[in-house]
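The values are calculated or read from the model by the stated rules, or taken from the named source; none is laboratory data. Being a predicted model, the structure only gives us computed values, none of them experimental. Neighbour counts run over all protein chains shown; Cβ positions are idealised from the backbone, glycine included. To get the accessible areas, we keep the full protein, side chains included, count just its heavy atoms, and leave off ligands, DNA and RNA. Shrake-Rupley method; radii C 1.70, N 1.55, O 1.52, S 1.80 Å.
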Amino acid sequence: MKTIGLIGGMSWESTITYYQILNSCTAKKLGGFHCSKILMYNVDFAELEDNMSKGNWDGNAQILTKAAKTLEAGGADFIVIATNTMHKLVPQIEKQISIPILHISDATAARIKRNNLTKIGLLGTRFTMTEDFIKQRLTKAGLEVIIPEEKDLEIVDNVIFNELCLGKVKEESRKEYQRIISSMKDKGAQGVILGCTEIGMLIGEKDSVLPVFDTTVIHAEEAVSCALSDN
């Protein structure tokens, strides 16, 4: 079994879910007393959020590169970054380490394609929804990506940072997300990506008119598959 290098804390709420899935999925696959081999580096999200608000992405790259190097030195075989938004920095981090990073977009695209869908809605932070670091990899995999309209982009982003990352789950926010998902369905979306690792706290299959692809679950399950593979 390979050792997973997990960079968490972005936010710690969703990191808990990663940890649970990694271990429960390994136990299910192997049985008995098995669980995942995990090295975790938990960053202080306040530092990263402050850098994001100032546009200081190089500062965040330094923080996450330090985390990745520490995990590599500790014996991790590959890196899992437990957030969508910080995948923006994967190219910079990859240059500084010699072990692979399991990209959240690639795992998600593969799952969607196995379900024979071609047009997908994307929810996440404003960075994730409007920039190319997630969308480009999805498009390269052959998917057409739909994002909310501007006013709804703001709602989705605000709920993530001002509620979910603080552990707050509000029914009124769930209803807003449901409305936004419905609007993407009207535009032809065949499913919706929960492209922020906290959104699963708010939206599940029963809450959505579209099939849900939760990146937290998909990413963690793919990490287990990689850890148990012979490659």
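Miscellaneous remarks
- Here's the list of lysines a cross-link from residue 151 could span, going by alpha-carbon distance under 27 Å and ignoring same-chain residues fewer than 8 apart: 54, 88, 119, 135, 168, 170, 175, 185, 187, 206.
- P(r) weight above 18 Å for the range 1-52, C-alpha pairs, percent: 39 percent
- In terms of distances greater than 26 angstrom between alpha carbons, the cross-link table entries 2/28; 37/113; 66/140 yield 37/113; 66/140.
- Residue-normalised accessible area of the range 126-231, expressed per residue, 1.4 Å probe, Å²: 45 Å²
- Between residue 144 and residue 49, the contour length at 0.36 nm per residue exceeds the alpha carbon distance by 31.2 nm.
- Rg over Rh for the range 138-202 works out to 0.98, both radii taken from alpha-carbon positions and Rh defined as the Kirkwood radius.
- Long-range HN-HN contacts of residue 119 with modeled amide H, under 5 Å: 144, 190
- Percent of C-alpha pairs per 10 Å bin, the range 183-231, short to long: 24, 43, 23, 9, 1
- The mean sequence distance of close C-alpha pairs (under 8 Å, at least 6 residues apart), as a share of the length of the chain, puts its relative contact order at 24 percent.
- Annotation for the range 117-204: GluC sites (Glu not before Pro) lying in DSSP loop with at most 15 further Cβ atoms inside 10 Å of their Cβ are 131, 149.
- Cα-based radius of gyration of the chain once divided by 2.2 N^0.38 Å, which approximates compact folds: 0.97
- Charge-dipole axis of the chain as Lys and Arg at +1 and Asp and Glu at -1 on Cβ define it, positive-most pick from 100, 204, 169: 100
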